[in-house]
Amino acid sequence: MSRNIRVYKPVIKFNNRVVGVDFGLILQVILMNDRVNNLRRINGYPTLLNFYDNFNNIQFFGGSLWKYREKYRPYTGELDDFNIEQITGTLVETTNFVYDRELNLICFEFNREGSSEADLKRYLNSFLLEGYNIEFNKIYNETTLTNVLMSNRVRSLEIKFDLNSQDENLFRDAFRESQHPFFGMFRGVVNSCHGTGEDLGANFAYWKFDLGRAQGTFNLDTFRVVAEGLNLESEKIAAVKVKFDEGNGTLKEYDLKSIGKHYTFKILENDMDQNPSSQRVTNELFTTYNNTHRMGFVGYPNVGRDGEEHDFNLENISRVPVGDFRIELNAV
């Protein structure tokens, strides 16, 4: 089952001013702190930041935010048995992350059942003294449609259809009456996919063009008509993935639906394991980020650490939870 990953830039403020404090230093202190004091109550739930030791915790940190639902006791059972049993332990929901210290980027799993990035922010802020505050700024996609259209080498195009969507507004206004043969063929493919999809019980269909092992590029005039003509806001069009040359000889795959939006990516797509371990999810997150996305962030205008110089030391970190963050273990 695929997982959605969102990318943020951690920013540390002191009295509402951005200061150039190393976010990795805060993670290192939490890593070295004892488990009891790292357990904090966030939004009513005991929460713990757990680090995985296969990361060097110098350039990269990897781990999971554990959310303990101590009052929730679901049941387990088998399909061929009328008996169900209530679990006896505490249910723990995990949300996984990787932090890149050099680029000052955190990749955080989007998890409806687990913790959110806002929960992680509250957790981390519980370690800081009054006046300090951690925020997560969204990283937005810098690639524009113009970047793609200006490419002199396009190798593949894949369009994903949501067969459950009733949206018929597939083309931009200027192209709705276009006589270009692609648009008539496109309508026919969509209609065919709906019919076959209903027969199969499928939710999505894919239409892909690829040069394969051949050298060269698509017919760029035709590609530009297609890319400009599709209504990227249509719910029917779930994704438009293009593999193109950015101008430096390197091919990049990009979803045109992501233009101008929060930078996200998927991991474990088409993976057969429906319930991978938290550590495996974190490892896959790191591998996908490092191999596919990281180099694309080099040179991004909003990546890296910024802010005014600030005298921040370890005394600015509260290793023991206080107030509402404190948890009595015998009460959990």
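The values are calculated or read from the model by the stated rules, or taken from the named source; none is laboratory data. Not measured: the values here are computed from a predicted model. All Cβ positions, glycine included, derive from the backbone under ideal geometry; neighbour counts span all protein chains shown. Calculation scope for accessible area: heavy atoms of the full protein, side chains included, ligands and nucleic acids excluded. Shrake-Rupley method; radii C 1.70, N 1.55, O 1.52, S 1.80 Å.
Assessment of segment 224-232 against the conditions (open to solvent by 10 Å² or more (accessible area, probe 1.4 Å) and among the basic types (Lys, Arg)) yields at least one matching residue. Please work out if Phe161 is in contact with a Cys (Cβ under 7 Å, 6 or more places away or on another chain), more than 30 Å from Asn248 (Cβ to Cβ), in contact (Cβ under 8 Å) with a residue 60 or more places away in the chain and surrounded by 13 or more Cβ atoms within 10 Å (Cβ to Cβ). Against the criterion (in contact with a Cys (Cβ under 7 Å, 6 or more places away or on another chain), more than 30 Å from Asn248 (Cβ to Cβ), in contact (Cβ under 8 Å) with a residue 60 or more places away in the chain and surrounded by 13 or more Cβ atoms within 10 Å (Cβ to Cβ)), Phe161 qualifies.
Contact list please: Cβ distance under 9 Å, first residue in segment 208-226 and under 22 Å from Ser178 (Cα atoms), second residue modelled with pLDDT under 90 and part of a helix (DSSP H, G or I), pairs at least six apart or on different chains. Close Cβ pairs satisfying both conditions: Thr222/Phe182; Val225/Phe175; Val225/Phe182; Val225/Phe183; Val226/Phe182; Val226/Phe183; Val226/Phe186. Scanning segment 106-129 for residues that are of a type in the set (A, V, I, L, M, F, W, C) and more than 12 Å from the chain's Cα centre (by Cα), we see that the one that is farthest from Thr287 (Cα to Cα) is Leu129. A single member of Phe161, Phe136 is part of a strand (DSSP E or B), at pLDDT 95 or above, aromatic (Phe, Trp, Tyr) and within 27 Å of the chain's Cα centre (by Cα), and it is Phe136. For segment 301-308, the count of residues that are in contact with a helix residue (DSSP H, G or I) (Cβ under 8 Å, 6 or more places away or on another chain), under 19 Å from Phe23 (Cβ atoms) and open to solvent by 50 Å² or more (accessible area, probe 1.4 Å) is at least one. Counting only residues that are open to solvent by less than 40 Å² (accessible area, probe 1.4 Å), over 20 Å from Ser277 (Cα atoms) and part of a loop (DSSP other than H, G, I, E, B), segment 106-131 holds 3 of them.
Among residues of segment 46-105 being small (Gly, Ala, Ser) and within 25 Å of Asn302 (Cβ to Cβ), the one that is surrounded by the fewest Cβ atoms within 10 Å (Cβ to Cβ) is Gly62. Residues of segment 13-50 that are more than 23 Å from the chain's Cα centre (by Cα), among the aliphatic types (A, V, I, L, M) and over 19 Å from Asp324 (Cβ atoms): Val18, Val19, Val21, Leu25, Val29, Leu31, Met32. Taking segment 104-133 as the range and being of a type in the set (A, V, I, L, M, F, W, C) and either modelled with pLDDT under 95 or touching a strand residue (DSSP E or B) at 6+ places or on another chain (Cβ under 7 Å) (or both) as the test, the residues that pass are Leu105, Ile106, Cys107, Phe108, Phe110, Leu120, Leu124, Phe127, Leu128, Leu129.
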